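Working notes, structure below.
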Amino acid sequence: MKNGGSAEENKEFSSFSESIKEKQPRTKRGFLVGAGLVVLFICLVSITVVWVNFSKTTSVTKNKTKSYSFLTGQTTREVGGVSYTINTINSNIPGPAIHVRKGEVLSVEVANGIADSELTLHWHGLHLRGFQVYDGVEGITQCVIKSGNSYQYEYTVDEQPGSYWYHTHNQKGIPGLDFIRGPLIIHEPDAVDVPMPGSGDAYQYGNERILFYYDLFPNFKGPGLLNGEQVHEIKVENGEYRFRIINGGDKYAYFFTIDGHKLTVIATDGYPVEPYTTDV
């Protein structure tokens, strides 16, 4: 564990701080989703919304290891019209979306850049059989990552493909809004067009859209946020889309609906279900 604060570790800590760059794809239609509406009475659910069917065939070279570098930090930013102290990964809101295929190795190096803080990362919903040391529960499976130190999580992903998320654990409560959390999407072993670390918009890709909700309880005085914003635009064209809807909050459940459209639920909590149609 890299918690000792040696010169070598501090050098390593200062060596990676490149932010994940994002870009918006070209689209023809869009709709606004307010974070006050939203989601279902379940924490994790994948949904397909059908307008008009389309097909697309592409290919991509598979990588054995998917590597991410996270530098946590603290700054002041306006959220929902109010100025807050916020905790971020690579200075970004929302937190990076991680994409990995089942059978690949996921490597995430976390450097703690928040003064006077101790934290770990927990992979919500993953069993991590054979890799429990990386579960991220402080004082049980690992020591905390102290301020100025780093730790590398690395494990083979052998979970059911689906929608999961990651978030912090800490012994010292860190003041401010905690954006050190984000989606973790496990794709089928033969999946194509899987976003690579640091490339493009990992929340909107192909015919899939990630909707990641926060309530940021108890610090945020608002209805909640979607992908880091109170009102967020999801861009689509006519066609069939999978919406990966994740409640990354601490307290509240949400409703999710799209006016004039039916939704087909295909999975919940990372596991497929018998598809059924609903409007909420």
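So which of 87, 92 ends up being touching a residue at least 24 places away in the same chain (Cβ under 8 Å), within 17 Å of the chain's Cα centre (by Cα) and surrounded by fewer than 18 Cβ atoms within 10 Å (Cβ to Cβ)?
That would be 92, the only listed residue that is touching a residue at least 24 places away in the same chain (Cβ under 8 Å), within 17 Å of the chain's Cα centre (by Cα) and surrounded by fewer than 18 Cβ atoms within 10 Å (Cβ to Cβ).
Regarding residue 258, is this residue over 25 Å from residue 101 (Cα atoms) and surrounded by 12 or more Cβ atoms within 10 Å (Cβ to Cβ)?
Yes: the conditions hold for residue 258.
Report whether or not residue 111 is open to solvent by less than 10 Å² (accessible area, probe 1.4 Å), modelled with pLDDT of 95 or more and at negative phi.
Yes: the conditions hold for residue 111.
All but one of (1) open to solvent by 40 Å² or more (accessible area, probe 1.4 Å); (2) in a strand (DSSP E or B); (3) not charged (D, E, K, R) hold for residue 243; state the number of the condition that does not hold.
(1)
Looking for whichever is open to solvent by less than 70 Å² (accessible area, probe 1.4 Å) and either touching a Cys at 6+ places or on another chain (Cβ under 7 Å) or modelled with pLDDT under 80 (or both) here; the options are 61, 120, 48, 75. Which one fits?
48
Select the strands (runs of 3 or more DSSP E) contained entirely in region 156-236, then report the ones holding at least 2 residues which are at pLDDT below 95 and either open to solvent by 20 Å² or more (accessible area, probe 1.4 Å) or among the β-branched types (Val, Ile, Thr) (or both).
So the answer is 162-169, 231-236.
Considering region 261-280 alone, what residues qualify as being among the charged types (D, E, K, R) and without any contact (Cβ under 8 Å) to a residue 12 or more places away in the chain?
274
When you go through (1) more than 14 Å from the chain's Cα centre (by Cα); (2) modelled with pLDDT of 90 or more one by one for residue 250, which number turns out not to apply?
That leaves (2) as the condition not met.
Quick one: which residue in 161, 223, 195 is under 19 Å from residue 245 (Cα atoms) and touching a Gly at 6+ places or on another chain (Cβ under 6 Å)?
Unique residue meeting the criteria: 223.
I'd like to know if region 137-150 contains one or more residues that are of a type outside the set (D, E, K, R), open to solvent by 10 Å² or more (accessible area, probe 1.4 Å), at pLDDT below 95 and outside any loop (DSSP other than H, G, I, E, B).
Within region 137-150, none of the residues are of a type outside the set (D, E, K, R), open to solvent by 10 Å² or more (accessible area, probe 1.4 Å), at pLDDT below 95 and outside any loop (DSSP other than H, G, I, E, B).
Please go through region 238-255 and give me each residue that is farther than 12 Å from residue 209 by Cβ and touching a residue at least 40 places away in the same chain (Cβ under 8 Å), ordered by number.
Of everything in region 238-255, those that are farther than 12 Å from residue 209 by Cβ and touching a residue at least 40 places away in the same chain (Cβ under 8 Å) turn out to be 238, 247, 248, 253, 254, 255.
Residue by residue, here is whether (1) closer than 21 Å to residue 121 by Cβ; (2) among the hydrophobic types (A, V, I, L, M, F, W, C) holds:
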site: 167; (1), (2): yes, no
site: 185; (1), (2): yes, yes
site: 188; (1), (2): no, no
site: 191; (1), (2): no, yes
site: 203; (1), (2): yes, no
site: 207; (1), (2): no, no
site: 211; (1), (2): no, yes
site: 219; (1), (2): yes, no
site: 222; (1), (2): no, no
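Of the numbered conditions (1) assigned to a loop (DSSP other than H, G, I, E, B); (2) more than 21 Å from residue 197 (Cα to Cα); (3) within 21 Å of the chain's Cα centre (by Cα), residue 130 fails exactly one; give the number of that condition.
It fails just one condition, (3).
The values are calculated or read from the model by the stated rules, or taken from the named source; none is laboratory data. Everything quoted here is computed from the prediction, not taken from an experiment. Positions of Cβ are generated from backbone atoms using ideal geometry, with glycine treated the same way; all protein chains shown enter the neighbour counts. Surface areas here come from the heavy atoms of the whole protein model, side chains and all, with no ligands, DNA or RNA. Shrake-Rupley method; radii C 1.70, N 1.55, O 1.52, S 1.80 Å.
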